Amino acid sequence: MAFTEKYLCTHGPIEVAGRKVKRYHIVPVSAEIEDGVQKAAYDMLPRLLPAPDGEAPPASFVVLHRGSDIGAYLCAYSWVWGNVIECRTAAAGVPFLCCPDEDPERFAELARPWIGCVWELPPLGHERSAWVRHVLAPDEPDLPGYLADLLPEGKTGGAE
């Protein structure tokens, strides 16, 4: 399987199910994910987010990835228990992953313990550092600072 570089773009945070959610999109080229796929993904998102636990500020980040095939993938990473990331994922258009059909707008939650593919993982390191910088290290958590601290847009990165 050959590696092809993809592009990461950011979108402003939204509030879903009582959580502030930072958003990253991954696309095969520097284009936007289709409106219908975005709507379907964000309609699915509440099912992937845990209720706020009172321990961590209610924050999450998502990666919506439009595959180079027909598939679309949604990874929801939520901060819980103060310093732990919970991950829940969904996919659309990939029958191999138990999706009902090849419709990239029909998401199904995945039961597999996957946390993301090579293109979806770059935000993880950044988000860990941003959480420490804005939530764990200061005397008082700075949730707005965390929400504003995004991985810069650009290529997802190869084997550097």
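Quick check on the stretch 1-83: what does the Kirkwood estimate of hydrodynamic radius come out to from the alpha carbon pairs, in Å?
Mean inverse Cα-Cα distance, inverted, gives 13.6 Å.
Specify the residue with the greatest mean-square fluctuation among Tyr42, Tyr24, Tyr73, computed from a Gaussian network of the chain linking alpha-carbon atoms under 10 Å apart.
So, out of Tyr42, Tyr24, Tyr73, the one fluctuating most is Tyr42.
For the charge dipole of the chain, defined by +1 on Lys and Arg C-beta atoms and -1 on Asp and Glu C-beta atoms about the Cα centroid, which residue among Val132, Ala76, Pro28 has the Cα displaced farthest towards the positive pole?
Projecting each Cα onto the dipole axis, the largest value belongs to Val132.
If you roll a 1.4 Å probe over the chain with all protein chains in place, what percent of the accessible area is carbon or sulfur? Before the final figure, lay out each step's value.
On the way: 4540 of 8050 Å².
Whole-percent figure for carbon plus sulfur exposure: 56.
Please list 10-21, 116-127, 60-71 highest first by mean number of surrounding beta-carbon atoms within 10 Å per residue.
On the way: 10-21: 15.7, 116-127: 18.0, 60-71: 21.2.
Listed from highest to lowest mean packing, they are 60-71, 116-127, 10-21.
If a/c stays under 1.5 just call it rounded; otherwise compare a/b with b/c (prolate if a/b is bigger, oblate if not). Do that for the stretch 103-160, with a ≥ b ≥ c from the square roots of the Cα gyration tensor eigenvalues.
On the way: a/c = 2.26, a/b = 1.62, b/c = 1.39.
Cα axes put the stretch 103-160 in the prolate bin.
Taking a ≥ b ≥ c as the square roots of the Cα gyration tensor eigenvalues, with a/c under 1.5 meaning rounded and otherwise prolate when a/b beats b/c, else oblate, which class fits the stretch 64-121?
Here the stretch 64-121 falls in the prolate category.
Just the accessible area per residue of the chain, please: how many Å² with a 1.4 Å probe?
Working: 8050 Å² over 160 residues.
Ligands and nucleic acids excluded, the figure is 50 Å² per residue.
Taking R0 as 22 Å, what FRET efficiency do you get between His126 and Glu15 from their Cβ-Cβ distance, rounded to the nearest 0.05? The partial results should precede the final answer.
On the way: r = 21 Å, r/R0 = 0.96.
Plugging the Cβ-Cβ distance into 1/(1 + (r/R0)^6) gives 0.55.
Per-residue ellipticity at 222 nm for the chain, helices alone: DSSP H runs ≥ 4 residues times -39500 (n - 2.57), over residue total, nearest 500 deg cm²/dmol?
Computed ellipticity for the chain at 222 nm equals -5500 deg cm²/dmol.
Taking N as the number of residues in the chain, what is its alpha-carbon radius of gyration divided by 2.2 N^0.38 Å? Can you show the working numbers first?
Details: Rg = 15.3 Å, N = 160, 2.2 N^0.38 = 15.1 Å.
Against the compact-globule rule of thumb, the ratio is 1.01.
The values are calculated or read from the model by the stated rules, or taken from the named source; none is laboratory data. Just so it is clear, the model here is predicted, and its values are computed rather than measured. Positions of Cβ are generated from backbone atoms using ideal geometry, with glycine treated the same way; all protein chains shown enter the neighbour counts. Ligands, DNA and RNA are excluded from the accessible area calculation, which covers all protein heavy atoms including side chains. Shrake-Rupley method; radii C 1.70, N 1.55, O 1.52, S 1.80 Å.
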